[in-house]
Amino acid sequence: MTLPETDERRALREAVSALGAEYGHDYYVRSAREGGRSTELWRAAGRLGYLGVHVPVEYGGGGGGIGDLAAVCEELGAAGCPLLLMVVSPAICATVLTRFGTDEQKRRWLPGLADGSRVFAFAITEPDAGSNSHQLTTTATRDGDGWRLSGRKTYISGVDEAEAVLVVARTADERTGRLKPVLFVVPTDAPGFGTSPIPTELVAPERQFDLFLDDIALPGDALVGSPDAGLMQLFAGLNPERILASAFALGMARYALAKAVDYARTRSVWGTPIGAHQAISHPLAACHIEVELARLMTHHAAALYDAGDDQAAGEAANMAKYAAGEAVVKTVDQAVQTHGGNGLSTEYGLATLLVASRLGRIAPVSREMILNFVAQHSLGLPRSY
Amino acid sequence: MKIVVLVKQVPDSGAERNLRADDNSVDRASANNVINEMDEYAIEEALRLQEAHGGEVTVLTMGPDRATESIRKALSMGPDGAVHVLDDALPGTDYLGTSRVLAAAIGTLSPDLVICGAEATDARGQVMAHMLAERLGFAALTGARKLTVEGAQLTVERQTEEGYEVVTAATPAVVSVWDTINEPRYPSFKGIMAAKKKPVDTKSLADLGVSADQVGWGGSATTVLSHSKRPARSAGVKVTDSGEGGVALVDYLSSEKFV
């Protein structure tokens with residue numbers, strides 16, 4: 001279905017879709033299985049300005065919005081080659097730097113993030129805090145003009161591809177328990193920066209890591225934004241993250257649905273295409289409806305964010321992420337079922353998504369935490385935790 | 001170097017295409033209309049020449065209102081501007097009439113070089129470059145798989161069934177290209193955003209000094225009298241292998257003179 005978008009957004013979708021088709025799901029799976037990365041596609045998308053659509057023009061970007069970036073992410077996913085690091089490097093890191101970085105930080109980092117030549121990872125989750133960002137223990141201590149940073153992070157995507165990680169920490173003099181997150185750009189080659197890959201069953205070119213931050217010395221200008229800005233600058237990055245995570249899931253859902261529909265139309269048993277049977281067609285129609293509803297909410301969340309309404313965007317982005325996560329899990333499941341045994345084959349390119357689609361329900365914030373948020377903030381119900 | 005690139009909007013060749021029952025013309029209303037694929041190679045070649053030698057690239061399209069979409073798409077790849085020949089008298093115009101209109105439009109632009117696709121996927125006539133060269137008094141270098149420019153000297157590798165011919169000419173010239181000549185770029189985001197702001201000069205037949213009775217259904221020298229659907233594919237021969245399958249296959253192939 002056509003979203004209520006500008007001609008330029010539609011043209012962007014068409015161009016990205018053509019680029020994605022050149023690579024496709026085979027490229028994605030090959031990169032994943034051979035331990036490679038999807039660097040060629042990342043670089044190509046970067047050169048064409050697709051990874052920096054939302055970065056201001058004066059810093060080498062396209063001057064568009066998060067809605068444009070989400071369109072890029074969705075179309076690559078629909079072509080079978082989603083780029084997970086889009087959720088992190090351009091969406092979170094470039095956005096936070098754009099909104100809260102100093103002029104010097106923006107000049108230094110944004111052009112490379114916009115054209116994809118630089119990749120930043122993002123680290124918030126900790127082993128003992130999980131989704132509870134109020135209990136972060138990664139701590140920054142003043143050290144002359146600079147800082148010293150210690151702590152642990154887990155499930156951080158793409159650290160092996162990143163030259164720096166935007167790390168969420170807290171300042172040491174805030175031991176009272178009140179959350180006061182601060183953000184640091186931490187180079188991955190800094191002394192004291194340790195990583196350990198987390199083996200997962202995800203078929204994806206991007207890998208997951210534990211981070212060990214052992215008394216890392218950082219210069220004063222590694223701090224992004226004000227040490228007193230608090231939650232707002234964190235949320236500036238987390239709303240785009242959720243919007244992009246929705247687009248990532250919905251691209252994958254569209255890819256799976258298109259495969260299923262094609263199979264249902266062409267696979268004939270006893271002289272009839274299996275898609276003529278309602279046991280096949282109705283579940284696919286239901287998946288299509290859920291995908292389109294989630295696309296609309298994602299579009300809505302991006303429009304609110306791009307209009308500067310962070311608070312309303314937060315609610316819509318959570319709802320979009322919930323809907324997209326449910327839609328992709330259901331759609332990939334149904335696409336595999338439609339294919340019967342072929343759904344599990346390598347040739348049909350769907351089984352690879354069985355685990356990856358669950359990511360949409362779990363990350364970057366779980367379905368359950370979104371329901372908590374909606375129950376408490378949208379419905380005004382008592383806090384559950 | 002001043003370059004004009006011809007861009008035609010055609011029904012997507014990836015989908016089913018039809019001719020209209022009433023006037024035997026291409027059914028464009030129910031089709032997904034896109035830039036003729038070969039024209040993207042022409043645009044790419046023009047942009048590469050511009051990058052190497054400077055100058056200006058102008059897209060020229062003759063077509064209905066909705067051809068604007070294809071003009072914007074073409075401009076998003078990088079050309080500087082476009083001329084859109086738009087006139088209610090144009091539907092039904094054949095090759096000769098089209099070449100008359102395009103030649104008149106090219107005449108107002110005085111280019112050094114006209115580049116076009118070797119054929120359009122709807123009619124596949126492969127004659128437009130020749131007709132334009134004749135009308136304009138330009139050299140015709142057709143079917144190029146490689147184009148080199150040194151000053152006013154053009155060298156083309158002209159693709160043939162057996163290999164290629166090397167053909168040279170001086171500007172002004174019309175060059176038609178095959179899809180072997182380059183790999184067209186994807187529009188960049190900046191290109192997409194800039195496309196709407198680029199000038200598109202809409203010209204009527206009157207602007208070009210072409211009279212309405214030289215074009216359209218009435219002004220065409222050729223008429224399509226009738227058309228029929230391509231015959232359905234026949235079932236073919238199924239060889240069941242019961243030990244002699246190989247022999248049966250070779251018998252079939254030799255009966256069809258394939259071996």
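Values in this text are rule-based calculations from the coordinates and carry no lab data. All values reported here derive from a predicted model rather than from experimental measurement. Cβ atoms come from the backbone with ideal geometry, glycine included; neighbour counts cover every protein chain shown.
3J(HN,Hα) couplings calculated from phi for segment A:260-268 with the Karplus curve 6.51 cos²θ - 1.76 cosθ + 1.60 (θ = phi - 60°) are, in sequence order, 5, 5, 4, 5, 5, 7, 9, 6, 10 Hz; Gly and Pro show x. Ordered by the count of other Cβ atoms within 10 Å of each Cβ, fewest first, B:Met77, A:Met252 give B:Met77, A:Met252. For the residue pairs B:Lys2/B:Lys146; B:Lys2/B:Lys203; A:Lys259/B:Lys8; A:Lys106/B:Lys196; A:Lys321/B:Lys73, alpha carbon separations beyond 23 Å are given by A:Lys259/B:Lys8; A:Lys106/B:Lys196; A:Lys321/B:Lys73. Partners of B:Lys238 within straight-line reach, counting lysines whose Cα lies under 25 Å from its Cα and excluding those fewer than 8 residues away in the same chain: B:Lys257. Gain on full extension, evaluated as 0.36 nm per residue between A:Glu201 and A:His134 minus their Cα-Cα distance, stands at 21.2 nm. If I take R0 = 30 Å and measure r between the Cβ atoms of A:Lys180 and A:Asp309 in this structure, what FRET efficiency does the formula 1/(1 + (r/R0)^6) give, to the nearest 0.05? With R0 = 30 Å, the Cβ-Cβ based efficiency is 0.75. Placing R0 at 51 angstrom, the Cβ-Cβ distance between A:Arg47 and B:Asp27 gives a FRET efficiency of 0.85 after rounding to 0.05. The value of relative contact order for segment B:2-219, using C-alpha pairs under 8 Å at least six residues apart, is 27 percent.
Taking amide hydrogens as placed 1.01 Å from N in the peptide plane, the amide H of B:Lys203 sits under 5 Å from those of B:His84, B:Val85, B:Leu86, each at least 5 positions away in sequence or on another chain. Using just the Cα positions, wrap chain A in a convex hull and report its mean projected area in square nanometres, one decimal place. Taking the Cα atoms of chain A, their convex hull projects to 19.3 nm² on average. For B:Val114, which sequence-distant residues (separation of 5 or more, or a different chain) have an amide H within less than 5 Å of its own amide H, given hydrogens modelled in the peptide plane? For B:Val114, the qualifying residues are B:Val4, B:Ala173, B:Val174, B:Val175. Spin-label model, B:Ser204/B:Thr180: points 7 Å from Cα along the beta carbon direction are separated by 4.6 nm. Within the straight-line cut-off of under 13 Å between alpha carbons, the aspartates and glutamates reachable from A:Lys153 are A:Glu126, A:Asp128, A:Asp210, A:Asp214, sequence neighbours fewer than 8 places apart in one chain being disregarded.
Of the beta bridges in segment B:2-219, as assigned by DSSP with both residues counted there, near 40 percent are antiparallel. Peptide B:179-190 has a mean of 5 when you count, residue by residue, the C-beta atoms of other protein chains within 10 Å of its C-beta.
Distance between the modelled labels on A:Met1 and B:Val237, one decimal in nanometres: 5.3 nm (7 Å Cα→Cβ projection).
Put in line by how crowded their Cβ is, counting other Cβ atoms within 10 Å and starting with the fewest, A:Leu12, A:Leu218, A:Leu97 read A:Leu218, A:Leu97, A:Leu12. Computed from the C-beta positions of B:Glu165 and B:Ser13, the FRET efficiency with R₀ = 30 Å rounds to 0.60.
Full extension of the chain segment joining B:Val247 with B:Val259 gains 3.1 nm, where the gain is 0.36 nm per residue of separation less the Cα-Cα distance. Extending 7 Å from Cα along the Cβ direction at B:Asp65 and again at B:His227 yields two label points whose distance is 2.4 nm.
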